[in-house]
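Asks: Can you read through this structure? Questions will come right after.
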Amino acid sequence: MYLLWLGIVFYFLAFIFSLVYHFLSVFKRPTLFSLFLGWFFYMAYVIKMALDIGSFPFADTYGFYSLLGNGMLFFLLLISFKQEQLQKFLAFFSLMGILSTLLALPAEPSPYKSPLYSLHITSALFSYAFALLGGLFSLIKFMVEAKLKQKSLSGFFMPLNLLRRGERLFINLSFIFFTLTLIFGSLWSRSFFGQHWINDPKLIYVLFLWLYYAILVHLNLLQRIKPKTLSYGIIIGAFLVILNLLFIRHEL
């Protein structure tokens, strides 16, 4: 548990440093270093817990949200090194790390020891993360396009080509990992319940998301959808993922 608290402490330090950086334009490197240390200690806690129980470390929504938040934070930090405009939001990243890590405190360890279960949940984490990042890139793309129409380049700005490539990359990755989620889930269900499919609301919704992203990805690959319509579709997909995370629960 001390590793988890170390992660929270470094995320909190990053938040303090980020405020100094925002107002005085100093301490950017200490902020980034503290953020990565916070993420490092959090992941060390997760890996240690996984090794101790011999399976995926969490089995409830608290743990899943905690991993999802820290995972998305890591991707955003990596992207921020390529696009320094994102470093304007280091305070938000720090708060995201604090809240995501705090969610691990009440999380229950997983009772399932199957590697297939671990692969199923890990694939689901990546699919949700990439879907949400795709929606974020599409939203930013619309903001940048609006600025360009107004001929205003002040404030936050990212290259349109990067945003367009990013949103397409993220939906492709999301579709791939939704596919893996269903495959590993089916194999685990067969070994645990004796059948490849169970009528659980969460799994049915994931199947719906897989179909949605399959249509979106293939329309894009076949160039049968306009870029603006695709971006709207990606944002809707991210919204559907949020609905799944917040309101759909397993009944098993």
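Asks: Using 0.36 nm per residue of separation minus the Cα-Cα distance, give me the extension gain between Ile198 and Phe33 in nm, one decimal.
Replies: 54.9 nm
Asks: Further question: Find how much the distance from Lys88 to His22 grows on full extension, using 0.36 nm per residue of separation minus their present alpha carbon separation; answer in nm with one decimal.
Replies: 23.0 nm
Asks: Treating the beta-carbon of each Lys and Arg as +1 and of each Asp and Glu as -1, no other charges, what is the dipole magnitude of region 1-113 about its Cα centre, to the nearest 20 debye?
Replies: Taking the Cα centre of region 1-113 as origin, the dipole is about 340 debye.
Asks: Something else about it: Measure out, as a whole number of angstrom, how far apart the alpha-carbon centroids of region 164-178 and region 194-214 sit.
Replies: Region 164-178 and region 194-214 have Cα centres spaced 19 Å from each other.
Asks: Along the charge dipole of region 101-245, which of Phe208, Leu132, Tyr117 sits closest to the positive end, that is, farthest toward it, with unit charges on the beta carbon of Lys, Arg, Asp and Glu (+1, +1, -1, -1)?
Replies: After comparing all options, I get Leu132.
Asks: Given R₀ = 22 Å, what would the calculated FRET efficiency be for Asp52 paired with Leu99, taking r from the Cβ atoms and rounding to 0.05?
Replies: Taking R0 as 22 Å, the efficiency between Asp52 and Leu99 is 0.35.
Asks: Something else about it: Sum -39500 (n - 2.57) across every DSSP H segment of at least 4 residues in the chain, then divide by the residue count to get the 222 nm mean residue ellipticity, nearest 500.
Replies: So the helix-based figure for the chain works out to -27500 deg cm²/dmol.
Asks: Nearest 20 debye, what's the magnitude of the dipole of the chain about its Cα centre given +1 on Lys and Arg Cβ and -1 on Asp and Glu Cβ?
Replies: For this selection, approximately 1040 debye.
Asks: While we're here: Just to confirm a number: summing +1 for Lys and Arg and -1 for Asp and Glu over residues other than His120 whose beta-carbon lies under 12 angstrom from that of His120, what do you get?
Replies: For residues surrounding His120, the net value is +2.
Asks: Taking H placed 1.01 Å from N in the peptide plane, check which residues at least 5 places from Phe58 or on another chain put their amide H under 5 Å from its amide H.
Replies: Sorted by chain and number, the residues that satisfy this are Ser110.
Asks: [x] 59, 40, 34; [y] 60, 52, 25; [z] 60, 37, 34: which one is Cα extents along the principal axes in Å as calculated from this entry?
Replies: So the calculated entry is the one marked [y].
Asks: Just to verify a number: FRET efficiency for Tyr112 and Phe239, C-beta to C-beta distance, R0 = 25 Å, to 0.05?
Replies: Efficiency computed from Cβ-Cβ geometry: 0.25.
Asks: Of Ser100, Ser191, Ser138, which has the largest mean-square fluctuation in a 10 Å C-alpha GNM of the chain?
Replies: Ser191
Asks: Something else: Using label points projected 7 Å from each Cα along Cα→Cβ, tell me how many nm separate Phe40 and Leu3, to one decimal.
Replies: 1.4 nm
Asks: Then there's this: Mean-square fluctuation check for the chain, GNM, Cα pairs under 10 Å: which of Gln150, Gln87, Gln195 is largest?
Replies: Sorting by GNM fluctuation, first place goes to Gln150.
Asks: With +1 assigned to the C-beta of every Lys and Arg and -1 to the C-beta of every Asp and Glu, and no other charges, what is the dipole magnitude of region 47-179 about the Cα centre in debye, to the nearest 20?
Replies: In debye, rounded to 20, region 47-179 gives about 680.
Asks: Please report, ordered by residue number, every helix of the chain (full DSSP H runs) that is 24 Å or longer along its axis going by C-alpha atoms and whose mean Kyte-Doolittle hydropathy reaches -1.0.
Replies: What comes out of the filter, once short or polar helices are dropped, is 2-24, 28-53, 61-82, 115-149, 160-193, 201-221, 227-247.
Asks: In a GNM of the chain with a 10 Å cut-off on Cα contacts, which of Gly97, Gly233, Gly135 has the highest mean-square fluctuation?
Replies: Of Gly97, Gly233, Gly135, the most mobile in the Gaussian network model is Gly233.
Asks: Express the Stokes-Einstein translational diffusion coefficient of region 77-144 in µm² s⁻¹, to the nearest whole number, given a Kirkwood radius over alpha-carbon pairs, 37 °C and a viscosity of 0.692 mPa s.
Replies: 223 µm²/s
Asks: Taking +1 at the Cβ of each Lys and Arg and -1 at the Cβ of each Asp and Glu, which of Ile236, Leu162, Leu182 sits farthest along the dipole of the chain towards its positive end, judged by Cα position relative to the Cα centre?
Replies: It is Leu162, whose Cα lies furthest towards the positive end.
Asks: Let me ask you something else. Which ordering of Ile204, Ile8, Ile234 is given by a fewest-first count of other beta-carbon atoms within 10 Å?
Replies: Ranked by crowding around the Cβ, least crowded first: Ile204, Ile8, Ile234.
Asks: If you take every residue apart from Phe64 with its C-beta less than 13 Å away from the C-beta of Phe64, what net charge results, scoring Lys and Arg +1 and Asp and Glu -1?
Replies: Taking every other residue near Phe64 into account, the sum is 0.
Every read-out reported here was derived from the displayed coordinates using simple, explicitly stated rules and does not represent laboratory data. Remember, it's a predicted structure, so these values are computed and weren't measured experimentally. We place every Cβ from the backbone using ideal geometry, glycine too, and count neighbours over all the protein chains shown.
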